[in-house]
Amino acid sequence: MLGCGVLLLCASAPVDAADFAQAEAAFFQGDYDTCIELTRAEVEKGIWNDFWSRKLIQALLATGRYQDAREVYEQVQTKFSSSISLRILGAEAYRYCGEHEKGDALLDEIPALVQSAPWRYSDRENLLALGKYLLGQGEDARNVLEAFFDRPLKSDSKYVAAHLAVAELALDKADFQEAAKSLQLAVELEPEDPYIRYLLARAWAPSDSRRAAESLMTALELNPQHAESLLLHARNLIDSESYDEAQGVLDEVLAVNASHPLAWALKAAIAHLQGDYREEGEYRKKGLETWSVNPAVDYWIGKTLSQHYRFVEGVKYQRRSLRLDPNYLPAKFQLAQDLLRVGADDEGWSIVDQVSQADKYNVVAFNLKTLHDRISKFTTIEVPGFIIRMDAREAKIYGPRVAELLLEAKETLSAKYAVELDRPVTVEIFPQQSDFAIRTFGLPGGAGFLGVCFGSLITANSPASQGESPSNWESVLWHEFCHVITLQKTKNRMPRWLSEGISVYEELQRDPSWGQRMNPLYKGMILGEDLVPLSELSGAFLNPKSPLHLQFAYFESSLAVRYLIDRHGLPLMLKLLEDLGVGVPMQEAFARRLGDTELLDKDFEEYITGAAEAFASDVDFGREGLPEPASEAQLKEWLAENPQSYVAQRQLVRQLAGARKWDEAWEAAGRLRELFPDDAEPGGTLDLSAQIARQMGKIEAEKEILQKICGLAGDRAAALTRLIELSREDENWPDLAAYSAKLLAVQPLIPIGHEGLVESARQLGQPQKTLNSLRALQEMDPLDPAGLHYELAEMLVQSDKMVEARLEVLMALEQSPRYREAQKLLVRIHRSLHAEVEDEAAGSDIRIAAPDVGQPPRPETEEPIGL
């Protein structure tokens, strides 16, 4: 490494504090002309301090005056030949003047200059510049941090530029916490610098959208022309599909610097997303006009398209970027992630490994490389149209159910939406939420996500990752596979709200207990200030105020889809999706099929507010005026005057139940059911009523209430478990089978549902239906493994699977050699197999020996087991 042993000397010659502050303030505020005027005057005087030259070049570059910036550098380069910072700025000026070879040469000379006279480059400005140069050359990030960034801070803990260098490095390596820590120190020291606020917005973005938005807003208040902040704002608007607003922000950037390459890159991405491919090409050309081999232009176009699920196009742009600069790591790593999302796993994982080797401190690359090692140990299940990867144990327990559900979804939704999938869909189910997050987002987090679809790749959390109250994994996979259908039909050219809305809508079509339904919270949000116009719904997913607002965005989107289908029919919806698929811009497609956007927004608002007003229209869900806390007497008094108060009635039921006044509680619960009969929320109307009924021994009433709960909510494991218990007591085998299957859709990793399916299938004479659950139970540390092998062998015999049955009964005898029933069953199996062999040999002169009953058959003669 260069310069690790150089001494840390004093800074360059002093700068007049007043003039310095004035020039710096003008630059921070975006008054670039004033900054240029002040700094040029000092440069013309021949001042022996490179601050003025550097600040002048920075201001000229910010305004796109690249030729002027180059001329200033050439004017002062001899005088300040020991300034690495100035040399790096000069290289940038040459590149944007179309002379990238000269710019590269300036940078290539740095190692020889430093080695020839290290003491000349040991001031703190040069140390930071050298560190940034070495990072660009692929030097070890930790060594650079310690030798070039930390050392100036040890001499001066208030050196803002060093704090920024540390933060930039941390952001580059996706260490957002470390970045925020350095930036908080920097902002206290230099609160007027918009660049610090911009970096803070990036640091907070993955974890705190509110603080990120506030930081970005502050940056633009300090400098309304700050290019980096405007570009970040534009990217956020593009993510929310607010393309017209984003264009306006990009125009603000270009008003300051008409050649800004990243502004033109984002304009090219918008043009692509809107189906204007001619403009896309023109904007890309403008982005490369000043520096023709700038890899960042294609990188940002491709990255923006990938954020809108245009991964195939993203791959093409990253390959373009790498043709311009094969060593450009951002494009290489983005290419790896895009390839993993289009099913090109071998190449994708190979590039992840390359990036991880080249950049050992890239957190995302390290996470993905580590995850790849774990995924390689997963079991792969292949069925027509699907490649399913699961934890090996979980695959044995409920892998067949996953495959069965996906095949059903494919058959149902492919026909409904007239889609023929052109490649297999990969489904990866992770038992650890952190692994799901890393595979999906590159970093731990994303706790609110159950599954994500990338077009031909689905990632999902398994029930094991969700604690004691897992969601219905069947509804999650159905939802995500619906994305596969709609994204492929539209070639990923659909607004997010429409894609999410159709998926939630189709959940409810498959099972009314799945998906989302109106509730008091959603009613209040619709009739309050949280309703988003249909034309702006995609933006509701970008920066929701809270997790509740994100869930509400899904719900509102599903109501929007229901509205469109109710009003215009499914055939028109299919035509709309087809229009999007052939590249018709979204606004044009909607106008063509559905009419004026403003009228559509107004009609949808009337539709959804009507639905909200009709929901529990006679019920008062408010708390205003209700004493907190309220005694039993106060509640009864309140209800006498406010009989429609849901909150007061529910509190009264809870208090009476808590006091074990069961008769009064049951009577109060009845009034609560009359008030809000479809409240299936935990601790709500039906849940309380079922608990009270059980305490009072009202079994039939309890059963009826539990059935209603499970008909309204598909993830109530406790209610399903109780229904299984009651069905078994009643010897109601069809109900036992139905509730056991529903429980397995929520929690397949415990025995209850599997045991219920086995028992009901045996009683109903359906041995084939016991097989998968019996195999699952074998993975759950059974108390009697020999008995379980014997039971599975029995069911295999009844299913006419003799070879598999013999293997199971032999395993039973291996566990318990004196197991008499197993010995008898083995003899029966042997006789059956012997008879089959004799039947096959009849009419042939060839003698065929019956298999040796004491040994399992050789693998090559054995029938396949399971999938």
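Counting only heavy atoms of protein chains, what accessible area per residue, in Å², does the chain have with a probe of 1.4 Å? Don't skip to the end; give the middle numbers.
On the way: 39430 Å² over 867 residues.
For the chain, the per-residue accessible area is 45 Å².
Per the Kirkwood definition applied to all pairs of different Cα atoms, how many angstroms is the hydrodynamic radius of segment 541-661?
On the way: mean 1/r = 0.0545 Å⁻¹.
Result for segment 541-661 stands at 18.3 Å.
How large is the Kirkwood hydrodynamic radius of segment 663-781, in angstrom, based on all distinct alpha carbon pairs? Before the final figure, lay out the partial values.
On the way: mean 1/r = 0.0666 Å⁻¹.
Value: 15.0 Å, from the Cα pair sum.
Please compute P(r) over all alpha-carbon pairs of segment 423-514, binned at 5 Å starting from zero, and give each bin as a whole-number percent.
Bins of 5 Å from zero give 3, 15, 24, 23, 21, 12, 3, 0 percent of pairs.
Can you compute log10 of I(q)/I(0) for segment 450-582 with the Debye formula, treating each Cα as one identical point scatterer, at q = 0.12, 0.13 Å⁻¹?
-0.48, -0.56
Of all accessible surface on segment 30-83 at a 1.4 Å probe, what whole percent is carbon and sulfur? Spell out each step's value before the answer.
Details: 1010 of 2340 Å².
The C+S portion of the solvent-accessible surface of segment 30-83 is 43 percent.
Could you work out the local net charge near Val342, counting Lys and Arg as +1, Asp and Glu as -1, over the other residues with Cβ closer than 14 Å to its Cβ?
Details: positive: Arg310, Lys316, Arg319, Arg341, Arg423, Lys491; negative: Glu313, Asp338, Asp345, Asp346, Glu347, Asp422.
The answer is 0.
To the nearest 20 Debye, how big is the dipole of segment 219-304 about its Cα centre, given +1 on the beta carbon of each Lys and Arg and -1 on that of each Asp and Glu? Can you show the working numbers first?
On the way: 7 positive and 14 negative charges, 69 e Å.
That gives a dipole near 340 debye.
Once the dipole of segment 34-138 is set up with Lys and Arg at +1 and Asp and Glu at -1 on Cβ about the Cα centre, which of Gly98, Ile57, Gly131 lies farthest towards its positive end?
Working it through, the farthest residue towards the positive pole turns out to be Gly131.
Restricting to the chain, compute how many DSSP beta bridges are antiparallel as a %, nearest 5. All intermediate terms of the calculation are to be shown ahead of the outcome.
On the way: 8 of 19 bridges.
Of all bridge pairs located within the chain, approximately 40 percent are antiparallel.
Cα convex hull of the chain: mean projected area in nm², to one decimal? Intermediate results must be reported in sequence, preceding the final value.
Values: hull surface 190.8 nm².
Averaging across all directions leaves 47.7 nm² for the Cα convex hull.
For segment 578-726, what's the radius of gyration and Dmax over Cα atoms, in angstrom?
Rg then Dmax for segment 578-726, in Å: 21.8, 66.
Between the DSSP loop rule and a limit of at most 16 other Cβ atoms within 10 Å, which chymotrypsin sites (Phe, Trp or Tyr not before Pro) in segment 28-63 are left? Show your work: numbers first, answer last.
Values: sites: Phe28, Tyr32, Trp48, Phe51, Trp52; in loops: Trp48.
Passing sites in segment 28-63 are Trp48.
Can you give the local net charge around Ala62? Use residues other than it whose beta-carbon is closer than 13 angstrom to its beta-carbon, Lys and Arg +1, Asp and Glu -1.
-2
Working with all protein chains in place, sort Asp50, Asp800 by solvent-accessible area computed with a 1.4 Å probe, largest first. Spell out each step's value before the answer.
Values: Asp50 15, Asp800 110 Å².
Highest to lowest solvent-accessible surface, that is Asp800, Asp50.
Go through Glu808, Glu190, Glu814 and list them by solvent-accessible area, largest first, probe radius 1.4 Å.
Details: Glu808 20, Glu190 40, Glu814 145 Å².
Descending order: Glu814, Glu190, Glu808.
Indicate, rounded to the nearest 5 percent, the antiparallel portion of the DSSP beta bridges found entirely in segment 373-429. List each step's numbers first, then the result.
Values: 5 of 10 bridges.
Around 50 percent of the beta bridges assigned by DSSP in segment 373-429 are antiparallel ones.
Calculate how steeply helix 733-744 sits against the longest principal axis of the alpha-carbon atoms of the chain, using the helix alpha-carbon long axis, and give the answer as 0 to 90 degrees to the nearest 10.
The angle comes out at about 20 degrees.
Multiply the residue separation of Glu404 and Asp663 by 0.36 nm, subtract the distance between their alpha-carbon atoms, and state the gained length in nm to one decimal. Don't skip to the answer; put the middle values down first.
Numbers: separation 259, 0.36 × 259 = 93.24 nm, distance 4.66 nm.
Once the chain is fully extended between Glu404 and Asp663, it gains 88.6 nm.
Just to compare against my own numbers: the Cα pair-distance distribution for segment 206-266, 10 Å bins, whole % per bin, please.
24, 53, 22, 1
Around Ala234, what is the net charge, scoring Lys/Arg as +1 and Asp/Glu as -1 over all other residues with Cβ under 12 Å from its Cβ? Kindly include the intermediate steps, with their values, before the conclusion.
Numbers: positive: Arg235, Lys267; negative: Glu228, Asp239, Asp244, Glu245, Asp251, Glu252.
Result for the local shell: -4.
Taking a temperature of 20 °C and a viscosity of 1.002 mPa s, what whole-number D in µm²/s does Stokes-Einstein yield for segment 129-285 with Rh from Kirkwood over alpha carbon pairs? Present the calculation step by step, with values, prior to reporting the outcome.
Numbers: Rh = 16.9 Å.
Approximately 127 µm²/s, per Stokes-Einstein.
Determine the dipole magnitude for the chain: charges of +1 sit on the beta-carbon of Lys and Arg, -1 on that of Asp and Glu, nothing else is charged, the reference point is the Cα centre, and the result goes in debye to the nearest 20. Write down the numbers at each step before the final one.
Details: 91 positive and 135 negative charges, 260 e Å.
Using Cβ point charges on Lys, Arg, Asp and Glu, the chain gives about 1240 debye.
Would you calculate a helix-derived [θ] at 222 nm for the chain, using -39,500 (n - 2.57) for each DSSP H run of n ≥ 4 and dividing by the full residue count, to the nearest 500? Don't jump to the answer; show the numbers that get you there.
On the way: 44 runs with 564 residues, N = 867.
The per-residue figure over the chain is -20500 deg cm²/dmol.
List the trypsin sites (Lys or Arg not before Pro) within segment 625-663 that fall in a DSSP loop (any state other than H, G, I, E or B) and whose Cβ has at most 11 other Cβ atoms within 10 Å.
Values: sites: Lys636, Arg650, Arg654, Arg660, Lys661; in loops: Arg660, Lys661.
Hits after loop and neighbour filter: Arg660.
Taking the Cα centroid of segment 300-329 and of segment 448-485, what is the distance between the two, rounded to the nearest whole Å?
27
Counting other Cβ atoms within 10 Å, which GluC sites (Glu not before Pro) in segment 394-475 have at most 15 and lie in a DSSP loop? Working shown, then result.
Numbers: sites: Glu394, Glu404, Glu408, Glu411, Glu420, Glu428, Glu468, Glu474; in loops: Glu420, Glu468.
Answer in residue order: Glu420, Glu468.
Based on the mean of other beta carbon atoms within 10 Å per residue, what is the order of 748-758, 324-334, most packed first?
On the way: 748-758: 21.9, 324-334: 18.8.
Top to bottom by mean Cβ count within 10 Å: 748-758, 324-334.
Carbon and sulfur atoms: what percent of the 1.4 Å accessible area of segment 627-676 do they account for? Display every interim value, and only then the final one.
Working: 1310 of 2680 Å².
Percent of accessible area from carbon and sulfur atoms in segment 627-676: 49.
With all protein chains present, how much of the accessible area of segment 252-331 (probe radius 1.4 Å) comes from carbon and sulfur, to the nearest whole percent?
Numbers: 1650 of 3230 Å².
For segment 252-331, the apolar C and S fraction of the accessible surface comes to 51 percent.
With N denoting the number of residues in segment 715-771, provide Rg(C-alpha) divided by 2.2 N^0.38 Å, to two decimal places. Don't skip to the end; give the middle numbers.
Numbers: Rg = 10.1 Å, N = 57, 2.2 N^0.38 = 10.2 Å.
The reported ratio for this selection is 0.99.
Could you order peptides 790-798, 674-682, 775-783 by the average number of other Cβ atoms within 10 Å of their residues, highest first?
Values: 790-798: 22.3, 674-682: 17.6, 775-783: 16.0.
The peptides rank, most packed first, as 790-798, 674-682, 775-783.
Of Lys396/Lys491; Lys45/Lys285; Lys45/Lys286; Lys285/Lys491, which ones are farther than 28 Å apart at the Cα? Present the calculation step by step, with values, prior to reporting the outcome.
Details: Lys396/Lys491 35 Å; Lys45/Lys285 40 Å; Lys45/Lys286 37 Å; Lys285/Lys491 25 Å.
Among Lys396/Lys491; Lys45/Lys285; Lys45/Lys286; Lys285/Lys491, the Cα-Cα distance tops 28 Å for Lys396/Lys491; Lys45/Lys285; Lys45/Lys286.
Does segment 354-508 come out rounded, prolate or oblate by the C-alpha gyration tensor, with a ≥ b ≥ c the root eigenvalues, rounded set by a/c under 1.5 and, if not, prolate when a/b is larger than b/c and oblate if not? Working shown, then result.
Working: a/c = 1.65, a/b = 1.39, b/c = 1.18.
Prolate, because a/c is 1.5 or more and a/b exceeds b/c.
The values are calculated or read from the model by the stated rules, or taken from the named source; none is laboratory data. Quick caveat, the model's predicted, so the values are computed rather than measured. FYI the Cβ positions are ideal-geometry reconstructions off the backbone, even for glycines, and counts take in every protein chain you see. Surface accessibility is based on the protein's heavy atoms, side chains included, excluding ligands, DNA and RNA. Shrake-Rupley method; radii C 1.70, N 1.55, O 1.52, S 1.80 Å.
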